[in-house]
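Please read the structure below before turning to the comments.
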Amino acid sequence: MTELIAVVTITLLAVISPGPDFAMVSRNSLLLSRRAGVLTACGIGAGVLIHVSYTLIGVGVLIQQSLWLFTLLKAVGAAYLIYLGVSMLRHAGTNTVDSSATPTAVSDFAALKTGFLTNVLNPKTTIFIVSLFMQVVNPQTPLSVQIGYGLFIALAHILWFGAVALLFSAPGINARLLRLRKGIDRVFGGLLITFGALLAVAGIK
């Protein structure tokens with residue numbers, strides 16, 4: 001029971017902490033659509049399942065202990081976040097709309113992919129999940145229970161970010177903030193570039 005409480009508590013604290021996942025879901029919900037935001041959240045949950053899967057089969061330990069492999073992961077993650085940020089800055093306000101306009105269309109696959117790649121390439125998620133299973137979960141815990149923990153972690157991400165998507169796509173909030181589309185793209189683009197730069201600096205150090 002103590003192990004379960006620890007997993008739930010640590011997961012909830014990690015999920016609600018701000019980061020690239022929050023930035024992407026908020027941005028897509030505000031500027032694209034509620035559906036895009038929710039699908040981005042689902043993509044994040046799918047990314048979490050990848051982290052959990054390689055952790056359970058032992059690859060997570062290899063990544064954590066292999067300096068060059070972990071540095072490579074950081075570099076790829078940093079490059080992707082910076083790419084997303086620069087793309088937002090370049091296209092900021094190019095499709096400026098008023099509060100009554102129809103949100104920009106985006107394919108379901110594109111929304112899922114954005115959430116998935118943002119999470120799966122985030123080394124902080126790697127550290128969180130590998131550390132959780134190595135330091136909190138007992139090695140003698142049945143595999144079925146560990147898989148259950150992994151599913152809970154993914155579900156927690158989907159529910160939290162799904163709620164974020166519903167909030168930022170609510171008509172009242174969305175209508176007001178949509179007028180600030182150009183500024184929103186710039187803010188979230190700047191945040192993603194900052195996250196990417198911090199990862200790159202950490203990788204160099």
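The values are calculated or read from the model by the stated rules, or taken from the named source; none is laboratory data. The structure presented is a predicted model; accordingly, all values stated were derived computationally and were not measured. FYI the Cβ positions are ideal-geometry reconstructions off the backbone, even for glycines, and counts take in every protein chain you see. Ligands, DNA and RNA are excluded from the accessible area calculation, which covers all protein heavy atoms including side chains. Shrake-Rupley method; radii C 1.70, N 1.55, O 1.52, S 1.80 Å.
Looking at this structure, is Asp98 at pLDDT 80 or above and among the charged types (D, E, K, R)?
Judged against the criteria, Asp98 is not a match.
For the stretch 168-205, name all the residues that are modelled with pLDDT of 75 or more, small (Gly, Ala, Ser) and farther than 16 Å from Leu121 by Cβ.
Scanning the stretch 168-205 gives Ser169, Ala170, Gly172, Gly189, Gly190.
Return a yes/no flag: does the stretch 50-71 have any residue that is modelled with pLDDT of 90 or more and open to solvent by 50 Å² or more (accessible area, probe 1.4 Å).
Looking for residues that are modelled with pLDDT of 90 or more and open to solvent by 50 Å² or more (accessible area, probe 1.4 Å), one finds at least one in the stretch 50-71, hence yes.
Go through the stretch 142-170 residue by residue and tally those that are touching a helix residue (DSSP H, G or I) at 6+ places or on another chain (Cβ under 7 Å) and open to solvent by less than 40 Å² (accessible area, probe 1.4 Å).
Summing the residues that are touching a helix residue (DSSP H, G or I) at 6+ places or on another chain (Cβ under 7 Å) and open to solvent by less than 40 Å² (accessible area, probe 1.4 Å) in the stretch 142-170 gives 12.
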